[in-house]
Amino acid sequence: MTDTMQTSASIEGIYRSESRRVFATLVRLLGDFDLAEEGLQEAFKAAIEQWPRDGIPAQPVAWLVSAGRFKAIDTIRRRARFTAYEDVAEIVDEMADEAPAPDLSEHLEDDRLRLIFTCCHPSLAPDAQIALTLREVCGLSTEEIAHAFLTPAPTLAQRIVRAKAKIRDARIPYQVPERDELAVRLHSVLRVIYLVFNEGYSASSGASLTRHDLSQEAIRLARLLLELLPEPDVAGLLALMLLHESRRGARSTADGDLVPLDEQDRSLWNAQYIVEGSALVGRAFSSGRIGAYTLQAAISAVHAQAASTDATDWRQIVGLYDALLRLEPTPVIELNRAVAVAMHQGPQAGLALVEALIAGGQLQNYHLAYAAQADFHRRLGHVEEARAAYGKALALTQQEPEQRFLSRRLAALPQ
Amino acid sequence: MNYLCLVYLAPDQLHACPDNVCFAFGQELRESGHYVAAQALKPVESATTVRIRNGQMSLTDGPFAETKEQLAGFYLIDAKDLNEAIHWASKIPPARFGSIEVRPVRELELTGLPSMSATV
């Protein structure tokens, strides 16, 4: 390999690993997403021209930040000729005079954290938070995000443009919130990461590669966040995603059919993810501040540590659901608890809980409530009741793999 | 930057928050240096809407739009960014009964007006 080839390979590597970091710092220095993006592209263009000739600088990231900033200031100056000069000249002079930040390397990580919090600001619509985070923090293209969320690209592009306009016009700050507001704001950040993960996770069977990438992207983002902000909730969410992701290989057959937990080949579970996820659960629990993500992760960890469904500590899982219900009293969590109770105390106990829930009215259109009801009837040998409940579940689900799974169960009932 | 915090309340909640509580908050806002202006409003039944169409003025009884919640008052605050504005908006006492819409104030673009050319 020639030196030039080696250099361009290095530049490519630096682009992959550092460009979003450089971008985040440029957003702070320039206060504008579009200018920062332009500056980033210009900085790499300059690197491609200069580095093969002059060699790679000792601190490539610092070099790129300062090149990007100067290019952006040039752009502002050029534009200034077409607008009222005095307004802009002042801003540009301020920027140019500002001494280069001496603690640049320390700032870099803070800048990424600031960028995450800005993109997930709760005053932006949830869809906009997701799109903006994937675009600006992760560097996914608008087309990639549109594809993954099955949204037309122009709609998504517009959503991003509107969000950026709101950040500018309402002056959404580019900062990590103060301690007293951190809990509320962190909640949106974690929710966005989890939504990205779920999009890649629940659509995994038979879906395109991009969606699997979304789960990986969410995990990467959570790892970064945990490194920058070691809060127990962040550890809990990362643990939850790792433990869920660990089962990916066992959750569906080669044909894309769904394999339920009790039928999964546990040797296919990703042991490394399980070790890492379980350790994170322990870390979050030892903090004493135990949030909903951590409890869900703990449930997942109990499953991960068992050799089979029968060997699972269902009593502990029911206990964890009780704790979760105190934090988030939702019917879906009650349903999940009912399933655990059925495993612990038998299908009759589970059935009573699920039927009470359905009668309560909140889960009347939720296919998994009927799927659970059907399963309990099936295990109790109530063939007719099981058939009726499978029918209701089938009528309510849109997802093909779930439909196939329910149809299989329905067909397997004794005539 | 100025932000207008619009206080919306359902009609039966208009007096849910005692005046002296609102007054105390106004004092706190003044002392913090974020106060620009604030006022509570009479119910929408007292409103008159003014329109000019084809050069003719028309007056209508009532508010511009009927909504479930009505505009009950406002605070104009000076904050450095949206987070600071939200921080103060969250302390507006009626936030516990209705909702507070926070809107950044737009500066009018006055280039081209004769009075501006004198200052350049």
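The values are calculated or read from the model by the stated rules, or taken from the named source; none is laboratory data. All values derive from a computational prediction rather than experimental measurement. Neighbour counts are summed over all protein chains in view; Cβ atoms, including those assigned to glycine, are modelled from backbone coordinates with ideal geometry. Protein only, heavy atoms only, side chains kept; ligands, DNA and RNA dropped before computing areas. Shrake-Rupley method; radii C 1.70, N 1.55, O 1.52, S 1.80 Å.
Annotations
- Of the listed requirements (1) farther than 23 Å from A:Pro177 by Cα; (2) hydroxyl-bearing (Ser, Thr, Tyr); (3) open to solvent by less than 80 Å² (accessible area, probe 1.4 Å), B:Thr67 misses just one: (3).
- Note on the range A:396-415: residues that are at pLDDT 90 or above, surrounded by fewer than 12 Cβ atoms within 10 Å (Cβ to Cβ) and in contact with a helix residue (DSSP H, G or I) (Cβ under 9 Å, 6 or more places away or on another chain) total 1.
- Cross-chain or 6+ apart pairs with Cβ under 8 Å, the range A:129-144 first and touching a residue at least 60 places away in the same chain (Cβ under 8 Å), then open to solvent by less than 30 Å² (accessible area, probe 1.4 Å) and among the aromatic types (Phe, Trp, Tyr): A:Glu136/A:Phe23; A:Glu136/A:Phe33; A:Gly139/A:Phe23
- Inter-residue pairs, beta-carbon under 7 Å, first of a type outside the set (Ser, Thr, Tyr) and in the range A:67-79, second open to solvent by 20 Å² or more (accessible area, probe 1.4 Å), 6+ apart: A:Gly68/A:Glu42; A:Arg69/A:Leu29; A:Lys71/A:Glu42; A:Ala72/A:Glu38; A:Ile73/A:Met95; A:Ile73/A:Ala96; A:Ile76/A:Val88
- Under the condition of being in contact with a helix residue (DSSP H, G or I) (Cβ under 8 Å, 6 or more places away or on another chain), under 19 Å from B:Tyr8 (Cα atoms) and facing chain A (nearest Cβ under 8 Å), the residues counted in the range B:71-92 number 1.
- Looking only at the range A:275-308, and only at residues there that are hydroxyl-bearing (Ser, Thr, Tyr) and open to solvent by 20 Å² or more (accessible area, probe 1.4 Å), the one that is farthest from A:Asp233 (Cα to Cα): A:Ser308
- Helices (runs of 4 or more DSSP H) contained in the range A:142-230 and holding at least 1 residues of a type in the set (Asp, Glu) and away from chain B (no Cβ under 14 Å): A:142-148, A:179-202, A:209-228
- Residue in the range A:315-331 that is of a type in the set (S, T, N, Q) and modelled with pLDDT of 95 or more present: yes
- Residue count, the range A:322-335 (criterion: touching a residue at least 24 places away in the same chain (Cβ under 8 Å) and not charged (D, E, K, R)): 6
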